[in-house]
Every structure is written in C-alpha cells, then in structure tokens.
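The values are calculated or read from the model by the stated rules, or taken from the named source; none is laboratory data. Here the structure is a predicted model, which means the values were calculated and not measured. With ideal geometry, Cβ positions are generated from the backbone for all residues, glycine too; neighbour counts draw on all protein chains shown.
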Amino acid sequence: MDDQAAGDGSSPDLCASAPSIEVRGLIKSYGAVRAVDGIDFSIAPGETAALLGANGAGKTTTISILIGLLVPDSGSVTVLGEDMLRHRYRVLGRINLSSPYVDLPRRLTVEENLRVFGNIYGIKDIPRRIGELAEELDLGPLLGRPSGQLSSGQRSRVALAKALINRPEVLFLDEPTASLDPDTADRIRTYLAAYQARENATILMASHNMAEVERMCSLVMIMKAGRIVREGAPRSLIEHFGRTTLEEVFLDIAREKAAQ
Amino acid sequence: MTGRESARRSAAAFSIARTGAMVLRYVYILRGSWPRIIELAYWPLMQMVMWGFISKFLATNSSWVAQGAGVLIGAVLLWDVLFRGQLGFSVSFLEEMWSRNLANLFVTPLRPYEFVLSLIIMSVIRTLIGVLPAALLAILFYRYSVFDLGLPLIAFFFLLMMLGWAVGLVITAVILRFGLGAESLAWIAMFAIAPMSGVFYPVAVLPEWLQAVAWALPSAYVFEGMRAVIFDGSMQLDSLVTALLLNIVYIAAAGAFFLYTFHVARRDGLLMSVGE
C-alpha cells in the first residue's frame with residue numbers, strides 16, 4: 001500500500017474481534033501481467049467495504065481469490081478465521097457471491113434455481129427461506145418465471161436472492177446495482193444495509209458507483225495496477241484530497257493527480 | 001436452522017444432499033423441455049429402425065447374422081448405451097458452461113467429486129430415457145428383445161456406462177480447460193473408439209496391431225461377450241472381469257485428470273470466465 005488516509009473513527013474497532021477478512025502479501029500474475037501485486041488489508045466483522053478501481057485494476061481477481069475460485073501465486077487469505085487457501089470448504093457455506101459475470105441457469109425458473117442452491121447449502125426449510133427472500137426482494141411474481149426471461153434488473157435481484165439464500169456471514173458483491181433503475185437500486189442498498197445490521201454480516205463490494213460506495217461503505221480501498229493505492233473511510237479520503245465527492249477523489253487517483 | 005448450522009453441515013466432506021441438489025437441477029432442465037426428452041430418444045429410435053431393417057435383410061443374405069438373431073440390433077442398443085452414457089455425462093456438464101453457472105456452483109460447498117457423481121447419475125437417467133424406448137421398439141417391430149440376454153445384460157450395461165463416464169470425464173476436463181470451443185468433442189470423441197470396439201464385427205477382423213489396441217478397451221470385451229451369449233449362450237466371465245478392471249483404471253486416471261484440470265482452472269481463473 002502506497003498511502004493511507006487517516007481514519008475518521010467510523011470504522012468498527014478492529015481490535016474488538018478478529019477480522020472477517022484478512023489478506024496479506026497477496027500476489028497473482030497471469031503470465032507477465034501482475035494482476036494483484038502484494039496487497040494487504042483487513043475487514044472487520046459487520047463492516048461494509050469497497051474495492052474501487054478502473055477496469056483491470058485487480059478488483060475481480062482479488063474477489064475471485066477471496067471466494068476460492070482463484071489460487072494466488074503467494075500470500076495469505078483468511079476469511080472468518082479460516083485459511084481460504086487450505087480450508088476453503090470450512091468457509092464456503094458461510095459466504096456467498098453475487099456477480100453480473102456469472103449467471104443462474106436460464107431455463108430453470110427463479111424458484112427452481114433458489115431451491116437448487118438452497119439444497120446445496122443445506123438449508124432446512126427452503127420454501128420458507130425462498131418466501132422470505134421473495135418478500136424482501138419483491139420476487140413473488142417472478143418465482144415461476146424462467147430466469148432467462150427476466151430483465152437485467154430482475155436478474156440482478158434474483159442473483160442477490162441466490163447470494164443471500166444461506167444468510168452469509170460474508171457477502172461478496174460485484175457491481176450489485178449495476179443494471180438496476182434508481183428506485184430499485186435504492187431499495188436494494190437499503191435492504192443490504194438492513195441485512196448487514198441484522199446479521200452483523202461483512203460485505204465486500206466492487207463497484208464503479210461512487211455515490212453508492214459513499215453511502216454504504218465504511219472502508220474504501222482504491223486499487224490501481226494491482227495495488228491498493230489509497231485506503232480509508234470515504235469521508236476521510238474526500239477530506240484528505242480536499243474534494244467534495246468520492247468520485248472526484250477516484251478521478252484524481254485514476255488520472256494520477258494525487259502525485260501533484 | 002441458522003446460517004451457522006447449515007454452514008456446519010456444508011463443511012461435511014461428502015453430502016448426498018448436495019449431490020441430489022445437482023441431480024434435481026438437471027431433472028428440472030429435462031422436465032421443463034419436452035423437446036429435450038424427445039431428442040434423447042430420437043436418435044436411438046432412428047438407429048433401431050434402420051438397423052432393424054438391415055438385420056432383416058442380412059438375416060436372409062448372411063449366414064452369420066442368420067445364426068445370431070438380433071446380433072446387430074443388440075449391438076446397436078449396447079453401442080447407444082456407451083455413446084449415450086458418455087453424452088449424458090458431458091451434456092450435463094455443458095449445461096453449466098452454457099449457463100455460465102460454474103462460478104456460482106464452486107463458491108458453494110459443492111465438492112468437485114459430488115458434482116461428478118451428479119453427472120454420473122444423470123448419465124444413467126439420460127441413457128435409460130434414450131435407450132429404453134428403442135429396446136421396446138425392437139421387441140415390437142423386430143421381435144427381438146435385448147432383455148433375452150439375461151443377467152449378462154446388466155453387466156454389459158454397467159461396463160459400457162463406466163467407460164462412458166471415463167471418456168466423459170476426460171472430455172469435460174478438456175472443455176473446462178479450453179472452453180466451449182472444444183464442446184464438439186462431446187459428440188464426436190466416442191466415435192474414435194467405435195472401430196476398435198468391434199461393435200458390429202468380431203475384433204479378429206481388425207489388423208493384428210489394432211487388435212492390441214482393441215483389447216485395451218473394455219467395450220471390445222463387452223461386444224465380444226454379447227456375441228458369445230447370442231451365438232453360444234455362454235457368458236465369458238473372465239472377459240467381463242478384465243473389462244471391469246480396465247474400467248476402474250480408466251475411471252481413476254480420468255478422475256485424476258479432471259481434478260488436475262479443476263486445479264488448473266482455479267490457478268488460471270477459468271471458472272470465472274467459462275462460457276465467454
């Protein structure tokens with residue numbers, strides 16, 4: 001990490017309990033390209049954090065490693081106290097992912113998809129859990145429809161329902177509101193904040209929506225060329241750069257004005 | 001049940017529930033599409049109609065076919081068991097590639113071997129859906145019942161299915177590694193071993209050097225065994241044991257290859273990018 005903005009005290013006390021996510025010296029290369037270049041960070045239980053960065057900055061690679069889909073070249077990843085590189089199956093039932101880059105089977109109805117994942121996660125009363133999610137995410141009218149016939153916004157909500165089916169303690173979200181209209185996106189953000197507060201869940205998201213990150217996250221990590229170049233609470237980053245929004249901070253860093 | 005309780009259950013090294021969930025997923029696909037079910041039975045039925053008439057013709061023009069009533073029809077049905085067994089395995093895997101669902105699956109506690117077991121179960125289901133109507137058609141149209149083979153038929157069925165799973169494992173591993181550009185392998189790979197398997201003729205017909213290859217294939221023992229039952233009424237138990245041992249070796253090797261490829265997919269980030 002090149003630099004850190006001063007904390008503003010809004011982050012949970014990291015000393016109070018072990019971090020939900022702890023990353024040390026993480027490196028991942030694809031051939032000659034170093035996608036993740038020795039990053040370190042910790043996210044406390046109940047914290048909502050964001051990875052920001054331009055396309056190719058290393059956000060998706062980092063999240064892929066954290067959820068066990070990708071093996072790093074070196075470094076350590078601990079999620080919920082377990083070494084993800086050696087014991088990921090101890091953790092996978094307690095985390096989940098929603099990403100626009102993976103789909104749910106399109107020929108299955110929404111309810112069938114949720115039922116399959118409920119069974120994989122060993123949820124006991126699956127109809128009840130599906131009913132809860134349908135009510136909370138307004139999926140009732142969609143349950144009987146094939147997933148492939150849904151609009152992109154509806155698919156995003158269904159993907160989120162899949163990601164919440166096991167009441168994850170750590171939730172990874174890749175562009176959670178990318179294809180949603182402003183009203184639905186706002187309701188999803190409100191829902192996620194309520195879920196996080198109710199379950200004391202940890203959320204790590206990758207997003208290009210700076211207003212969303214400002215509203216939801218207590219910790220922001222800005223990545224560039226595989227490294228975390230700035231880290232801190234949104235408000236403290238904004239003050240540090242003398243800007244009024246996180247988007248301006250992001251643009252400064254992306255265009256390397258930070259060095260001036 | 002709380003999320004933590006379900007998570008503890010998820011940490012179990014093997015789960016029938018997870019395997020069953022995957023089978024349920026594939027059954028949902030089949031159930032939701034009548035054209036797919038019809039397609040499963042279509043080719044075996046067409047093969048049966050064609051080879052049934054060829055058999056009727058050859059029965060009056062070939063002493064070999066005349067002596068072994070149903071030898072060609074039986075061969076067609078057993079070949080379909082082998083081909084459909086492999087195809088049922090591979091196509092179920094391709095469903096995940098087509099729907100870009102692999103990443104969703106492998107961020108769950110689903111183990112690769114549970115996934116493979118679900119593919120095996122689906123290959124049996126899909127094969128039975130495909131082959132049973134053809135077997136019934138053979139009884140109805142040509143008065144030949146493959147079930148007259150008796151107990152050996154069960155051995156033939158499972159020996160051929162096992163070879164289908166081994167080939168299916170290799171094909172799915174290659175598709176996982178190289179993407180959907182390699183998907184046509186699922187439909188053509190099995191035909192590479194058909195000439196050496198002696199489906200419609202004895203292995204002795206092959207050149208000597210090719211016979212050596214043939215006897216390394218469990219399918220060759222099965223088709224020779226089928227002809228022995230039809231012509232002599234004898235069951236060559238030692239051949240079936242040899243086929244079983246070969247199958248065990250091939251499945252173990254193919255399984256290791258699949259798991260290695262899965263490791264490569266995790267190393268190279270292929271699970272996030274499949275289907276694209």
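Structure summary
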{"read-out": "Any hit, segment B:24-36, residues being hydrophobic (A, V, I, L, M, F, W, C), surrounded by fewer than 17 Cβ atoms within 10 Å (Cβ to Cβ), free of Cβ contacts under 8 Å to residues at least 60 places away in the same chain and under 23 Å from residue B:145 (Cα atoms)", "value": "no"}
{"read-out": "Matching residues, segment A:78-97, being over 21 Å from residue A:192 (Cα atoms), basic (Lys, Arg) and within 10 Å of chain B (Cβ to nearest Cβ)", "value": "A:88, A:90"}
{"read-out": "Verdict on residue B:223 being closer than 17 Å to residue B:167 by Cα, in contact (Cβ under 8 Å) with a residue 60 or more places away in the chain and of a type in the set (A, V, I, L, M, F, W, C)", "value": "no"}
{"read-out": "Pick from segment B:176-215, criterion among the β-branched types (Val, Ile, Thr) and part of a helix (DSSP H, G or I), ranking: nearest to the chain's Cα centre (by Cα)", "value": "B:188"}
{"read-out": "Helices (runs of 4 or more DSSP H) wholly inside segment B:63-117 that include at least 1 residues being closer than 15 Å to residue A:113 by Cα", "value": "B:71-98, B:102-106"}
{"read-out": "Enumeration of residues in segment B:1-53 that are closer than 27 Å to residue A:201 by Cα, part of a helix (DSSP H, G or I) and modelled with pLDDT of 90 or more", "value": "B:17, B:18, B:21"}
{"read-out": "Test: residue in segment B:201-214 that is aromatic (Phe, Trp, Tyr) and closer than 30 Å to residue A:104 by Cα", "value": "no"}
{"read-out": "Filter result (closer than 15 Å to residue A:154 by Cβ, hydrophobic (A, V, I, L, M, F, W, C), at the interface with another protein chain (Cβ under 7 Å from one of its Cβ atoms) and over 21 Å from the mean Cα position of the chain (by Cα)) within segment A:98-139", "value": "A:108"}
{"read-out": "All helices (runs of 4 or more DSSP H) inside segment A:148-255 with 3 or more residues being in contact with a Cys (Cβ under 9 Å, 6 or more places away or on another chain)", "value": "none"}
{"read-out": "Residue satisfying condition, being among the small types (Gly, Ala, Ser) and within 14 Å of chain A (Cβ to nearest Cβ), within set B:15, B:55", "value": "B:15"}
{"read-out": "Segment A:112-154: number of residues that are of a type in the set (D, E, K, R) and buried (at least 21 other Cβ atoms within 10 Å of the Cβ)", "value": "3"}
{"read-out": "Any hit, segment B:242-261, residues being of a type in the set (Gly, Ala, Ser), under 22 Å from residue B:75 (Cβ atoms) and surrounded by 13 or more Cβ atoms within 10 Å (Cβ to Cβ)", "value": "yes"}
{"read-out": "Which numbered condition residue A:159 misses (of (1) at pLDDT 95 or above; (2) buried (at least 17 other Cβ atoms within 10 Å of the Cβ))", "value": "(1)"}
{"read-out": "Residue in segment A:191-199 that is basic (Lys, Arg), within 19 Å of the chain's Cα centre (by Cα) and under 27 Å from residue B:29 (Cα atoms) present", "value": "no"}
{"read-out": "Test for residue B:173: is it assigned to a helix (DSSP H, G or I) and either touching a residue at least 12 places away in the same chain (Cβ under 8 Å) or within 14 Å of chain A (Cβ to nearest Cβ) (or both)", "value": "yes"}
{"read-out": "Single residue of segment A:156-181 satisfying the filter (within 12 Å of chain B (Cβ to nearest Cβ) and among the charged types (D, E, K, R)) that is nearest to the chain's Cα centre (by Cα)", "value": "A:174"}
{"read-out": "Residue ranges of strands (runs of 3 or more DSSP E) in segment A:1-107 with at least 3 members at pLDDT 95 or above and surrounded by fewer than 18 Cβ atoms within 10 Å (Cβ to Cβ)", "value": "A:21-30, A:33-43, A:74-79"}
{"read-out": "Subset tally (residues that are facing chain A (nearest Cβ under 7 Å) and either of a type outside the set (A, V, I, L, M, F, W, C) or over 15 Å from residue A:165 (Cβ atoms) (or both)) for segment B:96-110", "value": "8"}
{"read-out": "Odd one out for residue A:223 among (1) surrounded by fewer than 21 Cβ atoms within 10 Å (Cβ to Cβ); (2) within 22 Å of residue A:24 (Cβ to Cβ)", "value": "(1)"}
{"read-out": "Any hit, segment B:124-139, residues being farther than 23 Å from residue B:37 by Cβ and surrounded by 16 or more Cβ atoms within 10 Å (Cβ to Cβ)", "value": "no"}
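Yes or no, residue by residue, for (1) of a type in the set (A, V, I, L, M); (2) on the phi > 0 side of the Ramachandran plot; (3) buried (at least 23 other Cβ atoms within 10 Å of the Cβ):
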residue	(1), (2), (3)
B:78	yes, no, yes
B:90	no, no, yes
B:94	yes, no, no
B:110	yes, no, yes
B:145	no, no, no
B:158	no, no, no
